[in-house]
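Below is one structure; the comments refer to it alone.
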């Protein structure tokens, strides 16, 4: 995951949503069921009206440029969702300033006895916001297995490489060292293994002669934001489901990641 967490949560075991909320179809209608297995993306809304906007929670450790892109897309009417919470392991993270105080949670891991204790506190706080989707956007800590299991099926991450290439850190430098002609970013579901979850979509950029890790990083960042928004559009519309490590889109298996085109749309 590079500068992101090792796991995106998939299941919301133990997480209760507000009574009456309906953001997708039951499993029998399409791809998923958010009632009995909270957080699994519902399938296309065929005969199953959406009565509330999807609730998105964001985990961030820094300035939150991807969070800003999400908020801008919502404001522009491009994303039928609301950001219900921003949570951070850095109490001074600028990303927290993007939402009202009652939608923020931040604690330093240093205040906890161990990683498991911090993860448990983060998970409890996150569950309190009843998110439909959890987006890791520049979150710098690896998420533990218990956290991932609790939110299985609805945690996604954006990683600065064309996965499965270059899991972990320093992706831009590694792409240059390998002599790659293309680089990019991936949106994937989180599993306990680092950057190993099912990849939903990717955006590609050319590697230019004379590129440095910094110049390549800037070019990748230019496509990260539209890639994340386009992916979230499909997720909140209930078009995507993840089952046992495999993705379905509109009820059909996805054998290779969707690709972002020059118009900012995803294509198979």
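The values are calculated or read from the model by the stated rules, or taken from the named source; none is laboratory data. Just so it is clear, the structure is predicted and the values come from calculations on it, not from any experiment. Methodologically, a virtual Cβ is constructed for each residue, glycine included, from the backbone with ideal geometry; neighbour enumeration extends over all protein chains shown.
Here are the numbers for this structure:
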{"quantity": "In region 107-117, the residues that are touching a helix residue (DSSP H, G or I) at 6+ places or on another chain (Cβ under 6 Å) and within 16 Å of residue 60 (Cβ to Cβ)", "calculated": "109"}
{"quantity": "Strands (runs of 3 or more DSSP E) contained in region 192-256 and holding at least 1 residues at pLDDT below 95", "calculated": "240-243, 246-249"}
{"quantity": "Number of positions in region 204-257 that are under 13 Å from residue 189 (Cα atoms) and out of contact with any helix residue (DSSP H, G or I) (no Cβ under 8 Å at 6 or more places or on another chain)", "calculated": "11"}
{"quantity": "Residue list for region 171-181, restricted to those being exposed (fewer than 15 other Cβ atoms within 10 Å of the Cβ) and either in a loop (DSSP other than H, G, I, E, B) or in contact (Cβ under 8 Å) with a residue 12 or more places away in the chain (or both)", "calculated": "178, 179, 181"}
{"quantity": "Number of positions in region 182-191 that are under 18 Å from residue 229 (Cα atoms) and either without any contact (Cβ under 8 Å) to a residue 12 or more places away in the chain or in a loop (DSSP other than H, G, I, E, B) (or both)", "calculated": "1"}
{"quantity": "Given (1) in contact with a helix residue (DSSP H, G or I) (Cβ under 7 Å, 6 or more places away or on another chain); (2) at pLDDT 95 or above, number of the condition residue 124 does not satisfy", "calculated": "(1)"}
{"quantity": "Meets criteria (over 30 Å from residue 146 (Cβ atoms) and under 16 Å from the mean Cα position of the chain (by Cα)) for residue 199", "calculated": "no"}
{"quantity": "Test: residue in region 163-173 that is within 18 Å of the chain's Cα centre (by Cα) and farther than 29 Å from residue 205 by Cα", "calculated": "no"}
{"quantity": "Residues satisfying the stated conditions in region 139-152, i.e. surrounded by fewer than 24 Cβ atoms within 10 Å (Cβ to Cβ), touching a strand residue (DSSP E or B) at 6+ places or on another chain (Cβ under 9 Å) and assigned to a loop (DSSP other than H, G, I, E, B)", "calculated": "141"}
{"quantity": "Residue 197, sole failed condition from (1) touching a residue at least 12 places away in the same chain (Cβ under 8 Å); (2) surrounded by fewer than 24 Cβ atoms within 10 Å (Cβ to Cβ)", "calculated": "(2)"}
{"quantity": "Breaking point among (1) free of Cβ contacts under 8 Å to residues at least 40 places away in the same chain; (2) within 18 Å of the chain's Cα centre (by Cα), for residue 215", "calculated": "(2)"}
